[in-house]
Amino acid sequence: MFERPQRGEQAVLVQLDLGQGALAERLSELQLLVESAGADVVGVVRGRRPRPDPAFFVGRGKLEEVRSALVQGQGDLVVFDHTLSPAQQRNLERELQCRVIDRNALILDIFAQRARSHEGKLQVELAQLEYLSTRLVRGWTHLERQRGGIGLRGPGETQLETDRRLLGIRVKQLKSRLERLERQRTTRRRARNRRGVPQVSLVGYTNAGKSTLFNALTKAGAYAADQLFATLDTTSRRIWLPEVGDVVLSDTVGFIRDLPHDLVAAFHATLEEVAEADLLLHVVDGASEDREAQRATVEAVLAEIGAQDVPRLEVLNKIDLLAEVPAELSDECGSIRRVCVSARTGEGLDALRSALASRLRALLPSTFAAESRDEELHVTE
């Protein structure tokens, strides 16, 4: 069995046109992901197929192209812009004699590098173990009960079975710890709700400028960088708005197209902050040519975590990079739906604070009246 190297630094990217569309944007995003993980792109192999090959995902001819690209660029890592089955991954590694990963594994690796808090590290480890559970390949038989006699009886399981059992034990431990942290988070959230403090969460595509906007509004000094998934751990700060008072603003992890389901499940407790918010600030990268697709991706993830009905205010960020700034949007009732800002230069922040206060004033009566009725009903019962 081929032994995986510890780390691949020179990567060859593989992308097939399977009818998914937006190929150029997807490839550019994959390159950014690879660079964010710490590797250099030394080659790109493209192709088109009506459907993936069951054994290698690509055909034999395209497989030889990948091999040539590895030799030419002295690559030691192949990254597919698709989801590979465990069998396809093993077959490709055996044929190419280098490490092969798919988009999901790449995102998980970036998350593992960026997690800082205890809860974030637990969530990433859980997602990685769930992903690896179907990719265990150690099928050694030296632990099997193959021979009889005193001193020759093994424990009755192969190395693969031992790995699966130990992995299952670790997954249970992680889920138990995360459940305990989730209960603590829920207790804190209920305490804030009893005090009547509105909750506002920043959401958006990764690298849309959420953390920069968060710092501009709160002066928190949270880590912000021009890279994918710079923020993984939720950060909350209080801000004061005129005619509203204290508001808790939370900076959350960015979304991306085809976000691994294991990752969404592992970050359930963190993303629950979004679903429980009174208002969402949907930060959109105004300088991105693919912003409509990014907006749709964020809406899809919000629906997946049960936040599709939470009121939201769109914030078009990075207008300092635009030649022409779009106009603000309002609905038929005059409520502001979109504000244009530059978190880096501070342009439009006063308009954002005003719009945020206006939306919260409109939402507060219904939101907290409903919470009061729920508490009265609970007391009556």
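The values are calculated or read from the model by the stated rules, or taken from the named source; none is laboratory data. Being a predicted model, the structure only gives us computed values, none of them experimental. Here the Cβ positions follow ideal geometry from the backbone for every residue, glycine too, while neighbour counts run over all protein chains shown.
Points worth noting:
- For the stretch 29-44, the criterion of being in contact (Cβ under 8 Å) with a residue 24 or more places away in the chain, buried (at least 16 other Cβ atoms within 10 Å of the Cβ), in a loop (DSSP other than H, G, I, E, B) and not polar (S, T, N, Q) is met by at least one residue.
- Filtering the stretch 322-333 for residues that are surrounded by 16 or more Cβ atoms within 10 Å (Cβ to Cβ), at pLDDT 85 or above and either touching a Cys at 6+ places or on another chain (Cβ under 7 Å) or outside any strand (DSSP E or B) (or both) leaves an empty set.
- For the criterion of being aliphatic (A, V, I, L, M), assigned to a loop (DSSP other than H, G, I, E, B) and buried (at least 21 other Cβ atoms within 10 Å of the Cβ), residue 277 passes.
- Restricted to the stretch 186-214, and to residues there that are under 15 Å from the mean Cα position of the chain (by Cα) and of a type in the set (Val, Ile, Thr), the residue that is modelled with the lowest pLDDT is 206.
- Residue 288 vs. criteria assigned to a loop (DSSP other than H, G, I, E, B), under 18 Å from residue 205 (Cβ atoms), assigned by TED's automatic domain parsing to the domain that holds residue 240 and at pLDDT below 90: yes
- Breaking point among (1) assigned to a helix (DSSP H, G or I); (2) in contact (Cβ under 8 Å) with a residue 60 or more places away in the chain, for residue 112: (2)
- Taken over the stretch 47-78, the criterion of being outside any loop (DSSP other than H, G, I, E, B) and touching a Pro at 6+ places or on another chain (Cβ under 9 Å) is satisfied by 77 alone.
- Condition check for residue 345: modelled with pLDDT of 90 or more, among the hydroxyl-bearing types (Ser, Thr, Tyr) and closer than 26 Å to residue 244 by Cβ: yes
- Some residue of the stretch 291-300 being crowded, with 16+ Cβ neighbours inside 10 Å and in a loop (DSSP other than H, G, I, E, B): no
- Close pairs from the stretch 172-197: first exposed (fewer than 13 other Cβ atoms within 10 Å of the Cβ), partner of a type in the set (Gly, Ala, Ser) and at pLDDT below 80, Cβ under 9 Å, at least 6 apart: 179/269
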